[in-house]
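Let me begin by presenting the structure, written as structure tokens, before commenting on it.
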Amino acid sequence: MSCTGRVIPAGTLGHTLPWTESDYLALGETAQRIELLDGSLLSGPPPSVRHQVIVGSLAAALKPGCAAANRTLLPVINLRLNPTRILNPDLVVTAELDLTAACVPADAVLLVGEVSAPHTSTIDRVLKPHLYAAAGVGWYLLVEQESLTVSLFQLQGAHYVERSTTRAGGALELTEPVKATIRPEDLVP
């Protein structure tokens, strides 16, 4: 669900487990970020202003390469990893897109990006990479919100392997799945 909209709908806390994909999608837009994980809901607060600025700057850095490679860049979408797992990454780069679909399937996603905050660090560094790798997403881009460290991981077999870590003063020269230059210090004004 997106980060704008109404609060969690009444009755959500009393819902019988497991949550299905149709139950999840029926929530509509909510003020919280809500994700479906194996029949349960993961809920978090809306992202901070700093988080959103970083996501916007990251998207701006990726957009020209996406356009040149005929790829689509999407912020916060429902990404279906499987019928029991729908996550809301901060952004994705897709190969193809069905504009009528409620979710983007993992097999259409080339790169997923997350901006990690101290309260989401374990989820963004451990849980989500595991889930994205299991779904076959080729590239994982992680930005640490506090330090502005940018890490790029590539899927090798069933796990991600770190390809680069870039700190302020450096530049990540992304060549796959799109070409882009990401400078950590450019991610915040």
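Checking the condition on the phi < 0 side of the Ramachandran plot and in a strand (DSSP E or B), which residue from SER43, SER57 passes? Criteria check complete, one pass: SER43.
Does region 60-79 hold any residues that are among the aliphatic types (A, V, I, L, M) and part of a strand (DSSP E or B), and which are they?
Residues of region 60-79 among the aliphatic types (A, V, I, L, M): 60-62, 67-69, 73-74, 76-77, 79.
Once the filter is applied, which keeps residues that are among the aliphatic types (A, V, I, L, M) and part of a strand (DSSP E or B), region 60-79 yields LEU73, LEU74, LEU79.
Screening region 101-139 for residues that are at pLDDT 95 or above and among the charged types (D, E, K, R) and picking the one that is surrounded by the fewest Cβ atoms within 10 Å (Cβ to Cβ) gives ASP107. Restricting region 66-77 to residues that are within 15 Å of VAL109 (Cα to Cα) and at pLDDT 95 or above, the residue that is most open to solvent (accessible area, probe 1.4 Å) is ASN70. Scanning region 140-189 for residues that are open to solvent by less than 30 Å² (accessible area, probe 1.4 Å) and among the hydrophobic types (A, V, I, L, M, F, W, C) yields LEU141, LEU142, VAL143, LEU148, VAL150, LEU152, LEU172, LEU174, VAL178, ALA180, ILE182, LEU187.
Can you say whether ASP186 is in contact (Cβ under 8 Å) with a residue 12 or more places away in the chain and of a type outside the set (Ser, Thr, Tyr), as far as the supplied structure shows? Show your work before the answer.
Working: in contact (Cβ under 8 Å) with a residue 12 or more places away in the chain: yes; of a type outside the set (Ser, Thr, Tyr): yes.
It is true that ASP186 is in contact (Cβ under 8 Å) with a residue 12 or more places away in the chain and of a type outside the set (Ser, Thr, Tyr).
Output the residues belonging to region 1-51 that are of a type outside the set (Ser, Thr, Tyr), open to solvent by 40 Å² or more (accessible area, probe 1.4 Å), more than 28 Å from GLN145 (Cα to Cα) and at pLDDT below 90. ALA10, GLY11, LEU13, GLY14, HIS15, LEU17 - these are the residues of region 1-51 that are of a type outside the set (Ser, Thr, Tyr), open to solvent by 40 Å² or more (accessible area, probe 1.4 Å), more than 28 Å from GLN145 (Cα to Cα) and at pLDDT below 90. A count restricted to region 144-188 and to residues that are within 17 Å of LEU111 (Cα to Cα) and polar (S, T, N, Q) stands at 7.
Residues in region 78-85 include at least one that is touching a helix residue (DSSP H, G or I) at 6+ places or on another chain (Cβ under 6 Å), open to solvent by 20 Å² or more (accessible area, probe 1.4 Å), of a type in the set (A, V, I, L, M, F, W, C) and closer than 23 Å to LEU27 by Cα. In region 77-106, the residues that are within 21 Å of GLN52 (Cα to Cα) reach residues that are part of a loop (DSSP other than H, G, I, E, B) and among the basic types (Lys, Arg) with C-beta atoms within less than 6 angstrom, at least six apart or across chains, in these pairs: VAL93/ARG71. Look at LEU155 and say whether it is in contact with a helix residue (DSSP H, G or I) (Cβ under 8 Å, 6 or more places away or on another chain) and not basic (Lys, Arg). Answer is yes for this residue. For region 87-114, name all the residues that are closer than 22 Å to GLY28 by Cα and in a helix (DSSP H, G or I). Passing the criteria: only ALA106.
The values are calculated or read from the model by the stated rules, or taken from the named source; none is laboratory data. Please read all numbers here as calculations on a predicted model, not as lab measurements. Cβ: placed from backbone, ideal geometry, glycine included. Neighbour counts: every protein chain shown. Please note that ligands, DNA and RNA were not included when accessible areas were found on the heavy atoms of the full protein model with its side chains. Shrake-Rupley method; radii C 1.70, N 1.55, O 1.52, S 1.80 Å.
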